[in-house]
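K.L.:
Submitted below is the structure of interest, expressed as structure tokens.
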Amino acid sequence: MYQEHYNALFSMDFVETKYPHDDTMRDLGIFEDVELVLKNMQLGKFFSHRMESYKELTCEFLASMKHHEFDELDRAELDRGWGYITF
């Protein structure tokens, strides 16, 4: 089952993590404004972080995830949500 899920996930288009692109913002003349707004919002450190995405690792992680739903009785009695996940 794992390999089947992995193959299905890996066959999909993979959108990398998005972050502000400094050169484009400079070309548009908005770099300093965006930087100032984010710093004033105490989000300045996120402006400079570059979070890489790794398709193979992401697919491995998601393929290993299993979803377990509570049955109706458990859900009504425990009020713990719809279920839980394991890896």
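K.L.:
Give the shape of the chain as rounded, prolate or oblate, defined through the alpha-carbon gyration tensor: a ≥ b ≥ c are the square roots of its eigenvalues, a/c under 1.5 means rounded, and otherwise the shape is prolate if a/b is larger than b/c and oblate if not.
P.N.:
Details: a/c = 4.32, a/b = 1.79, b/c = 2.41.
Cα axes put the chain in the oblate bin.
K.L.:
Can you tally the net charge around Glu60? Count Lys and Arg as +1, Asp and Glu as -1, for every other residue whose Cβ sits under 15 Å from the Cβ of Glu60. Working shown, then result.
P.N.:
Working: positive: Lys55, Lys66; negative: Glu4, Glu56.
Around Glu60, the charge tally is 0.
K.L.:
Which Cα, out of Ser11, Gly44, Ser64, lies furthest along the positive dipole direction of the chain (beta carbon charges, K/R +1, D/E -1)?
P.N.:
Gly44
K.L.:
How big is the dipole moment of the chain about its Cα centre under a simple scheme where the beta carbon of each Lys and Arg is +1, that of each Asp and Glu is -1, and everything else is neutral? Debye, nearest 20, please. Provide the component values of the computation, followed by the final result.
P.N.:
Values: 9 positive and 18 negative charges, 57 e Å.
With Lys and Arg at +1 and Asp and Glu at -1, about 280 debye.
Coordinate-derived values only; no laboratory data. Nothing here was measured: the structure is a model prediction, and the numbers come from that model. Positions of Cβ are generated from backbone atoms using ideal geometry, with glycine treated the same way; all protein chains shown enter the neighbour counts.
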